[in-house]
1. Considering only the range 14-23, state which residues are surrounded by 15 or more Cβ atoms within 10 Å (Cβ to Cβ) and over 24 Å from V86 (Cβ atoms).
2. For I52, which of the numbered conditions (1) surrounded by 14 or more Cβ atoms within 10 Å (Cβ to Cβ); (2) assigned to a loop (DSSP other than H, G, I, E, B) fails to hold?
3. Just the residues that are of a type in the set (G, A, S) and open to solvent by 10 Å² or more (accessible area, probe 1.4 Å), please, taken from the range 36-49.
4. Need pairs with beta-carbon distance below 7 Å; first residue surrounded by 12 or more Cβ atoms within 10 Å (Cβ to Cβ) and within the range 24-35, second assigned to a helix (DSSP H, G or I); sequence gap 6+ or separate chains.
5. Can you name every residue in the range 61-110 that is under 13 Å from F20 (Cβ atoms) and either in a loop (DSSP other than H, G, I, E, B) or of a type in the set (V, I, T) (or both)?
6. Within the range 16-33, track down each residue that is at pLDDT 95 or above and over 19 Å from A59 (Cα atoms).
7. Just need a number here: residues in the range 12-43 that are assigned to a loop (DSSP other than H, G, I, E, B), touching a strand residue (DSSP E or B) at 6+ places or on another chain (Cβ under 8 Å) and closer than 25 Å to F72 by Cα.
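The values are calculated or read from the model by the stated rules, or taken from the named source; none is laboratory data. Owing to the predicted nature of the structure, the values given are computational and were not obtained by experimental measurement. Every residue, glycine as well, gets a Cβ built from its backbone with ideal geometry; the counts of neighbours run over all protein chains shown. Protein only, heavy atoms only, side chains kept; ligands, DNA and RNA dropped before computing areas. Shrake-Rupley method; radii C 1.70, N 1.55, O 1.52, S 1.80 Å.
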Amino acid sequence: MEQISLIIPCFNEEESLPIFYRALDEVIVSMNTYRFEMLFIDDGSKDNTLSIIKKFSEADERVKYISFSRNFGKEAAMYAGFCNVVGDYVAVMDADMQDPPQLLQYVGKY
């Protein structure tokens, strides 16, 4: 079974993370012909973003994370993600729902 890796850069996303995670999980469950890896990159957040991501990873084996010591920017977070994912396909998604998780359902349809 092919695997999709999702790189999710995060910077001070404590309010949007639970909403994003629930929406993403619904989509992933509906796409049962793929395995998924979610790699959250905490880009030096000053809020509770990292603790929320850690809770996700404790409850869900698909969730992995990297935590930066300070804010390095989205490009650095994406690069760290690309260097650490293992999937056959890779997508970058913003945790603020700028990229709706439902867009993943179009994988392989074009």
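1. If the condition is that a residue be surrounded by 15 or more Cβ atoms within 10 Å (Cβ to Cβ) and over 24 Å from V86 (Cβ atoms), then E14, S16 are the ones that fit.
2. That leaves (2) as the condition not met.
3. If the condition is that a residue be of a type in the set (G, A, S) and open to solvent by 10 Å² or more (accessible area, probe 1.4 Å), then S45 is the only one that fits.
4. Note: pairs meeting the criteria are L24/P101; V27/P101; V27/Q102; V27/L104; V27/Q105; M31/L104; M31/Q105.
5. Hits for the range 61-110 are V63, M93, D94, A95, D96, M97, Q98, D99, P100.
6. Those that are at pLDDT 95 or above and over 19 Å from A59 (Cα atoms): none in the range 16-33.
7. Qualifying residue count, the range 12-43: 1.
Residue-by-condition table, conditions (1) in contact with an Asp or Glu (Cβ under 6 Å, 6 or more places away or on another chain); (2) loosely packed, with under 13 Cβ neighbours inside 10 Å; (3) within 12 Å of I7 (Cα to Cα):
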| position | (1), (2), (3) |
| --- | --- |
| K64 | no, no, yes |
| S67 | yes, no, no |
| R70 | no, yes, no |
| K74 | no, no, yes |
| Y79 | no, no, yes |
| G87 | yes, no, yes |
| V92 | no, no, yes |
| A95 | yes, no, yes |
| Q102 | no, yes, no |
